[in-house]
């Protein structure tokens, strides 16, 4: 069946108009979320999942695409080493939000999440750091709370890779040792609130 150009434009316009309401009505929004994240794989068998937070600034296009830039922090325990480890760094998160016909307060979305993180571990008063990245895919659901606010519940899963770690005495700055970390997988669970700005 052929669709005439005029009909196609009308359909596209209606879809875009509906999807522009799927997130906050304002192009720019800020979001604060509670996180629960973890690493897995041979290199991270002793690394426990842990809680944390994130903050992000997001731009939303009327087409349903949006792009977020933010910062995340999660706290972790490492068996036999410390209860005071963390993953800290920035991330970017593009999304696409879908429409559910007849539904005006619930909108699912698909997302990617790319993070540049630093792994910080403090064994016996020393400091061990390693830089790395995660590349995740996943999604979630936006629940409309008000014209300017949404509740966001989402999850992403993906790959993790950290470079070699460096062990330093923080009181002297002396490098004591170095070694391999490795690659594996990760997950990030999120519950947060986004608020439209302008």
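Bear in mind that the values in this text are calculations on the coordinates, not laboratory data. As the structure is a prediction and not an experimental result, all values here were calculated from the model. FYI the Cβ positions are ideal-geometry reconstructions off the backbone, even for glycines, and counts take in every protein chain you see.
A few comments on the model shown:
- Among 194, 63, the order by Cβ neighbours within 10 angstrom, fewest to most, reads 63, 194.
- Residue 141 versus residue 157: modelled label distance in nm, points set 7 Å from Cα along the beta carbon direction: 1.8 nm
- At an R0 of 22 angstrom, the distance between the Cβ atoms of residue 112 and residue 84 translates into a FRET efficiency of 0.10.
- The chain: projected area of the alpha-carbon convex hull, averaged over directions, in nm²: 14.1 nm²
- Highest-MSF residue in the chain out of 37, 46, 155 [GNM, Cα springs under 10 Å]: 46
- The chain - mean residue ellipticity at 222 nm from DSSP helices (-39,500 (n - 2.57) per run, n ≥ 4, rounded to 500): -2500 deg cm²/dmol
- GNM on the chain, alpha-carbon springs under 10 angstrom: the most fluctuating residue among 141, 188, 168 is 168.
- Highest mobility in the GNM of the chain, judged by mean-square fluctuation with C-alpha springs under 10 Å and restricted to 92, 100, 121, is found for 100.
- Cα-based helix-to-principal-axis angle, 5-19 vs the chain, degrees rounded to 10: 50 degrees
- Pairwise centroid distance, computed over Cα atoms, of region 117-143 with region 40-97, Å: 6 Å
- Relative contact order (%) - criterion: Cα under 8 Å, at least six apart; region: region 5-196: 22 percent
- Distance histogram for region 98-144 (every C-alpha pair counted, 10 angstrom bins, percent rounded to whole numbers): 21, 27, 21, 18, 11, 3
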